[in-house]
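Peer 1: The structure's right below; bear with me while I get my questions together.
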Amino acid sequence: MKKTILTIALLSTFHSSFCWGFYAHRKINFLAVFLLPPEMLVLYKPHSNFLSEHAVDPDKRRYAMAIEGPRHYIDIDHYGRYPYDSLPRQWNKAVAKYSEDSLMKYGIVPWWIQTMLQRLTQAFQQKDPVKILKLSADIGHYISDAHVPLHVCSNHNGQHTGQQGIHGFWESRIPELLAEKEWDFFIGKAGYLSDPGSFIWSRILESAAAADTVLSMEQALSREFPANQKFAFEDRNGIIIRQYAQAYCRQYNRRLNNMVERRMRQSIYAVASCWYTAWVNAGQPDLKQLSGKNFTQADLEEFEWLNQQWKKGSSSGRNCD
């Protein structure tokens with residue numbers, strides 16, 4: 001019995017230990033493809049499954065590279081109060097004021113997205129289809145992370161307020177429960193970002209403004225909800241795991257006024273728009289010539305290496321669970 005309970009507890013923790021959740025990251029990248037113009041779809045649509053599957057590579061990379069962790073978040077409340085004007089938006093100015101070590105300590109996601117956007121633009125200029133697809137999958141992950149309120153908050157898992165587990169609750173459990181049958185992902189078309197830096201920072205500030213609501217709403221609901229009905233044991237692919245109960249999830253989602261759905265929709269638009277912006281800024285190269293190119297053996301070995309590091313289960317930096 002003790003062994004069974006331990007297994008259930010470990011599986012429950014494991015299930016919620018990835019930023020946005022594997023399901024949501026994959027869904028966001030997949031749906032972003034269909035916001036692109038026909039000129040880009042010729043490359044992106046045949047590889048939509050690749051972009052979806054490898055949307056989680058950056059999370060796997062945290063198990064292999066210590067430098068990876070800070071690329072997923074920013075504890076922006078470390079820099080004062082909203083709208084955090086003391087923090088320069090330009091990387092060089094921020095380094096000059098706070099030092100690179102300090103910035104890395106508290107997270108660099110808004111600057112890292114801009115770095116990745118530059119790399120993707122260069123890949124389009126080089127007409128390198130493998131690099132385009134790999135970078136597109138990666139940048140989709142970081143952009144989506146920036147849309148999660150608890151990725152821009154030092155109380156990122158409710159550890160300071162007795163709400164451990166809220167991170168995975170918000171970004172994994174709720175989307176997995178509601179997205180397929182109840183949420184609307186008809187979004188429209190990708191847009192060109194004339195000032196990507198400002199766009200990214202505006203999304204960061206939106207997330208920061210929502211962080212307190214994410215925490216306070218769950219805290220209030222937890223006080224009001226019957227304690228013995230907050231969690232439930234459910235079958236997941238033949239394994240019994242401990243989850244936030246469906247009734248609790250739905251009530252929390254109602255109190256948030258569908259915040260998780262909105263941020264997921266905004267993530268999809270932002271990912272597609274960054275892909276589109278990189279392509280436009282690269283001169284709109286003809287992508288028909290690039291379709292059908294295969295990944296090299298080295299690429300395949302890199303993907304397998306990431307999988308092996310992830311399976312070992314020793315993450316560098318902070319976890320999201």
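The values are calculated or read from the model by the stated rules, or taken from the named source; none is laboratory data. As the structure is a prediction and not an experimental result, all values here were calculated from the model. Please note: Cβ atoms are built from the backbone with ideal geometry, for glycine as well, and neighbour counts cover all protein chains shown. Surface accessibility is based on the protein's heavy atoms, side chains included, excluding ligands, DNA and RNA. Shrake-Rupley method; radii C 1.70, N 1.55, O 1.52, S 1.80 Å.
Peer 1: Restricting to the range 164-192, name every residue that is open to solvent by 40 Å² or more (accessible area, probe 1.4 Å) and among the acidic types (D, E).
Peer 2: E176, E180, E182, D184
Peer 1: Could you tell me how many of the residues in the range 73-90 are open to solvent by 30 Å² or more (accessible area, probe 1.4 Å), charged (D, E, K, R) and touching a residue at least 24 places away in the same chain (Cβ under 8 Å)?
Peer 2: So the answer is 2.
Peer 1: What single numbered condition from (1) closer than 23 Å to E304 by Cα; (2) within 23 Å of the chain's Cα centre (by Cα) fails to hold for D128?
Peer 2: With respect to (1) closer than 23 Å to E304 by Cα; (2) within 23 Å of the chain's Cα centre (by Cα), D128 is out only on (2).
Peer 1: Looking only at the range 42-78, how many residues end up being assigned to a helix (DSSP H, G or I) and either among the hydrophobic types (A, V, I, L, M, F, W, C) or touching a Pro at 6+ places or on another chain (Cβ under 6 Å) (or both)?
Peer 2: Number of matching residues: 9.
Peer 1: Can you name every residue in the range 79-128 that is among the acidic types (D, E) and in a helix (DSSP H, G or I)?
Peer 2: E100, D101
Peer 1: For the range 150-162, what are the residues that are farther than 18 Å from D59 by Cβ and crowded, with 18+ Cβ neighbours inside 10 Å?
Peer 2: Hits for the range 150-162 are C153, N155, G158.
Peer 1: On the given criteria, is T213 of a type in the set (S, T, Y) and in contact with a Pro (Cβ under 9 Å, 6 or more places away or on another chain)?
Peer 2: Yes, satisfied.
Peer 1: Among the residues of the range 231-251, what is the count of those that are at pLDDT 95 or above and either charged (D, E, K, R) or part of a loop (DSSP other than H, G, I, E, B) (or both)?
Peer 2: Matching residues across the range 231-251 total 2.
Peer 1: Residue check: is F185 of a type in the set (F, W, Y) and free of Cβ contacts under 8 Å to residues at least 60 places away in the same chain? Full working, then the answer.
Peer 2: Values: of a type in the set (F, W, Y): yes; free of Cβ contacts under 8 Å to residues at least 60 places away in the same chain: no.
When the stated conditions are applied, F185 does not pass them.
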